[in-house]
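Peer 1: Here's a structure for you.
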Amino acid sequence: MICSAVHHVAILVKDYQKSRHFYVDLLGFSVLRENYRPARGDWKLDLAVGDTELELFSAPNAPERPTRPEALGLRHLAFRVESVAQAAAQLNALGIETEPIRIDEFSHKPFTFFRDPDGLPLELHE
């Protein structure tokens, strides 16, 4: 095997402060590094999600993401949780709407979806 693990996932965000609040304050990811890049006039935020890093890049002028879930490219980003029901209830209490919990037809584990401030589909999965 050439690759042994996912190192990071990068996301372009429209409103840096709003997305930082969502991922750090609401979802609880730890900040590893936060850097303003003056040559580009943007921010880069590296977050810890278990052994993987999530990179947020501010990109206020990036084109909108297609709304179709079957559009080419990243379909969604899934986070493993101990209990989907408990995690969904915590998100709902924070004002983050989640879809009804479903059961994965192959793993037989519960999952649900929610969206980040830019509409990126995020999944909770046991």
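The values are calculated or read from the model by the stated rules, or taken from the named source; none is laboratory data. None of the values given here were measured: they were computed from a predicted structure. Backbone-built Cβ (ideal geometry, glycine too); neighbour counts: all protein chains shown.
Peer 1: Would you mind finding the one in 106, 114 that is in a strand (DSSP E or B) and either in contact with a Pro (Cβ under 8 Å, 6 or more places away or on another chain) or on the phi < 0 side of the Ramachandran plot (or both)?
Peer 2: After applying the criteria, what remains is 114.
Peer 1: Oh, and also: What residue, of 82, 97, is within 25 Å of residue 15 (Cα to Cα), charged (D, E, K, R) and either in the same structural domain as residue 19 (by TED's automatic domain parsing) or at pLDDT 90 or above (or both)? Working first, answer last.
Peer 2: Working: 82 fails: within 25 Å of residue 15 (Cα to Cα).
Testing whether each residue is within 25 Å of residue 15 (Cα to Cα), charged (D, E, K, R) and either in the same structural domain as residue 19 (by TED's automatic domain parsing) or at pLDDT 90 or above (or both) leaves just 97.
Peer 1: Could you list all residues from region 1-54 that are surrounded by fewer than 12 Cβ atoms within 10 Å (Cβ to Cβ) and among the aliphatic types (A, V, I, L, M)?
Peer 2: The answer is 1, 2, 5, 6, 39.
Peer 1: Sort out which residues of region 75-103 are part of a loop (DSSP other than H, G, I, E, B) and either closer than 23 Å to residue 17 by Cα or in contact with a Ser or Thr (Cβ under 9 Å, 6 or more places away or on another chain) (or both), and write them in order of number. Please lay out each step first, then the result.
Peer 2: Restricting attention to region 75-103, the residues satisfying the condition of being part of a loop (DSSP other than H, G, I, E, B) are 75-76, 81-83, 94-97, 99-101.
Passing the criteria: 76, 94, 95, 96, 97, 99, 100, 101.
Peer 1: Kindly list, by first and then second residue, each pair from a residue in region 73-85 that is under 16 Å from residue 117 (Cα atoms) to a residue that is of a type in the set (Val, Ile, Thr), limited to pairs with Cβ atoms under 8 Å and residues at least 6 apart or on different chains.
Peer 2: 77/9; 77/11
Peer 1: Something else about it: Which pairs do you get when a residue that is among the small types (Gly, Ala, Ser), found in region 7-25, comes within reach of a residue that is in a strand (DSSP E or B), reach meaning Cβ atoms under 7 angstrom, with the pair 6+ apart or on two chains?
Peer 2: Close Cβ pairs satisfying both conditions: 10/55; 10/57; 19/13; 19/56.
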